[in-house]
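The values are calculated or read from the model by the stated rules, or taken from the named source; none is laboratory data. This one's a predicted model, so the numbers in the text were calculated from it and none came from an experiment. Using ideal geometry, Cβ is built from the backbone for each residue, glycine included, and neighbour counts are taken over all protein chains shown. Ligands, DNA and RNA are excluded from the accessible area calculation, which covers all protein heavy atoms including side chains. Shrake-Rupley method; radii C 1.70, N 1.55, O 1.52, S 1.80 Å.
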Number of protein chains: 2
Amino acid sequence: MRSVYFDNSATTMMDSRVLEAMMPFFREQYGNPSSLHFLGDGAAIAIRDSRRTISKALNCLPTEVYFTSSGTESDNIALQGAALAYGKPGDRIITTSIEHSAILATADRLRELGFDIHILPVDREGFVDPEELERSINHRTVLVSVMAANNVVGSMQDVPYLAAICQEKGVLFHTDAVQGFTKMDLDMQKMGIDMLSISGHKFHGPKGIGALYVRNGVKLKPLFYGGGQEGNLRPATENVPGIVGMGKAVELAMEGREEDIRRMTSIRDHIIDGAMQMDGIALNGPRERRLCNNVHLRFPGISGKDVVFALSDMGLATSTASACTAESVEPSHVLTAMGIPPEEALSVLRVSLSRFSTMDEADYFLDSFSQVLKGLREGK
Amino acid sequence: MRSVYFDNSATTMMDSRVLEAMMPFFREQYGNPSSLHFLGDGAAIAIRDSRRTISKALNCLPTEVYFTSSGTESDNIALQGAALAYGKPGDRIITTSIEHSAILATADRLRELGFDIHILPVDREGFVDPEELERSINHRTVLVSVMAANNVVGSMQDVPYLAAICQEKGVLFHTDAVQGFTKMDLDMQKMGIDMLSISGHKFHGPKGIGALYVRNGVKLKPLFYGGGQEGNLRPATENVPGIVGMGKAVELAMEGREEDIRRMTSIRDHIIDGAMQMDGIALNGPRERRLCNNVHLRFPGISGKDVVFALSDMGLATSTASACTAESVEPSHVLTAMGIPPEEALSVLRVSLSRFSTMDEADYFLDSFSQVLKGLREGK
């Protein structure tokens, strides 16, 4: 049976060249980077090279890149780390209603610690209003965190503008760029971003590795303590193969970036246009300022889970809202925040592309999706 | 040139069968375990299987095993998690003077938060006095953390006895078993251990993956927040290849365990006996109740770093105290805690074996070490 992977916002297939780059570090250059002998040196150099590659992609200094185990951990270091280093109970932290749970659950924890958590609403298309952000910043605000691109509906915020507002107000700005990195412009020199989270497995790198950009001069409180690795911000023996793999994945993603974005955009639009011609289908999220690899459809009256299962039986990997909430019977908080009625928010499907996706796969999806909808409607 | 890896307490070479077990999860079964489609299922099953393997090795329930990114993270979840869930400022937490920095630096952080951190001394051989532990437990004590086996000098504490004392006093007991796991008996049914940390890369598994055993009923506060993975104790998209690899590494380690321990012990003793015949050499740590793979030598008047560098030039990978402190010019806190004068504590060498080590490698080490000492003494 044909197999089409359209769930790239959940995770991606590792690039074969990433695996190739990692291989020597499993059983040859396997030393602890802190070791003084010949096997330590190679590992330490490999980490330095990966850090440099990632810093080039972000246009920042290598010393501003910290390796973590995941996007979730990066988000937590940014939020908890900044709140505890720069704030105290009663101080305000601002974020949005459509963040990943790594941000929202962390904000809940900070609320428990006494912080004043302010959640910005979004409009029907999933955008934050910059003026609303500006108004919500009071003199006790220490941190604003707004995700660069949404994982469910693909809305890309105007990060440079939001960051500039925060910079002007003297407030730290963090962005969760787990979905946005490699798919939108993120330039640390040009934008007033103080912290930015990325995750290796979202762009054909390994799972279990992420990074956090932290602007020089910003001193965060670590989440955990140990040996002095990663400038004491994130100790533990380094995941050398993971770090090397993520570095290679960044290199590959940046190489063909513009062409990849163009191609994904045209496949995305082909799917959206095809789906819009079917009966009873609506698009969630915006047409403009939308992630090049995101399609999110709504079909009231039919269960999104049933569609995912039926497509899976036809070899198509898709999801409803996000992988992290896939098991949940609750509607996605992102969709309800956008004003979609809860009962409709379970009748949705997310299709997320990668640079390996093809127009032919898109056509296979459209045919299968149309059949599945017909079947489920008739089956009632 | 010959290459001998005798730095297995810093990290180990991944077993080829571990890599083999991981391979399908990089580019074939690469789905997000939370996904509902065909690629999610395989990943979720692989995680379940690895959890089961590890629970068998610890003789606990699969639901008592939580995956983390490292031993350092496991230690931090145990200490911070128990302190914040069960304690409040002023409450006592007891640990020892020879713990890994993942414990001691975390204890420092908890002291900063107002906890009463009580550090137990050790004797000249690196052992904690159980009576001293018992006396130090007051009515405000919430947690005791004593490492199972020391990473520098290999002293193996009487964990069952220490755990029993804590159980009787109604105090949580954690052990950092990062070095001890697979090399000593650790049975969660028979021993009153509430939490136990392990790290994949210390027993021929991958870097970037660890686990924490948490006894059913013990509810820890997480370090970070996000999707509901790992029972909400440790969220983030699971590092599937890492989890699979660690599971395989545990399976392999447990298979030949007794024979491996016997063989490492005889190689260890061969090295100790050989070294003791050289001039001006002393053994740090005990002869009995010593990790089967640890040798730690002292040679006053000669720099340990110089010995490591010279041995490295001869293809021998060793270390001074521990990898995490390798760059440090300070003597190891473990050695000074044992009463070794600071100036002698820099004149040390750690040799750490693995199940792949051979008697022939031991002889090569002894010859090389003897030459290096001679050279350094004459070079003065």
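Being away from chain B (no Cβ under 14 Å) and surrounded by fewer than 21 Cβ atoms within 10 Å (Cβ to Cβ) is a condition met by no residue of segment A:101-113.
Checking the structure you have, find out if any residue of segment A:361-378 is within 25 Å of A:I261 (Cβ to Cβ) and among the acidic types (D, E). Yes, that holds for at least one residue. Residues that are part of a strand (DSSP E or B) and either among the hydroxyl-bearing types (S, T, Y) or open to solvent by 10 Å² or more (accessible area, probe 1.4 Å) (or both) within segment A:57-100 comprise A:Y66, A:T68, A:R92, A:T95, A:T96, listed in sequence order.
β-branched (V, I, T) and under 21 Å from the mean Cα position of the chain (by Cα) - does that describe any residue in segment A:194-212? Scanning segment A:194-212, I find at least one residue that is β-branched (V, I, T) and under 21 Å from the mean Cα position of the chain (by Cα), so the answer is yes.
Condition first: in contact with an Asp or Glu (Cβ under 8 Å, 6 or more places away or on another chain), in a loop (DSSP other than H, G, I, E, B) and open to solvent by less than 50 Å² (accessible area, probe 1.4 Å). Can you find one or more residues in segment B:40-54 that meet it? No, segment B:40-54 contains no residue that is in contact with an Asp or Glu (Cβ under 8 Å, 6 or more places away or on another chain), in a loop (DSSP other than H, G, I, E, B) and open to solvent by less than 50 Å² (accessible area, probe 1.4 Å).
Within segment B:225-243, if we keep just the residues that are within 7 Å of chain A (Cβ to nearest Cβ) and small (G, A, S), the residue that is nearest to A:L110 (Cα to Cα) turns out to be B:G226. From the list B:G192, B:G217, the one residue that fits, being modelled with pLDDT of 95 or more and open to solvent by less than 10 Å² (accessible area, probe 1.4 Å), is B:G192. Within segment B:1-11, the residues that satisfy the criterion of being of a type in the set (A, V, I, L, M) and either open to solvent by less than 20 Å² (accessible area, probe 1.4 Å) or at the interface with chain A (Cβ under 9 Å from one of its Cβ atoms) (or both) are B:V4, B:A10. Scanning segment A:220-265 for residues that are over 19 Å from A:G71 (Cβ atoms), of a type outside the set (D, E, K, R) and open to solvent by 30 Å² or more (accessible area, probe 1.4 Å) yields a count of 6.
Out of the residues in segment A:12-33 that are in contact with a strand residue (DSSP E or B) (Cβ under 9 Å, 6 or more places away or on another chain) and within 7 Å of chain B (Cβ to nearest Cβ), which is surrounded by the most Cβ atoms within 10 Å (Cβ to Cβ)? For segment A:12-33, the residue satisfying everything is A:N32.
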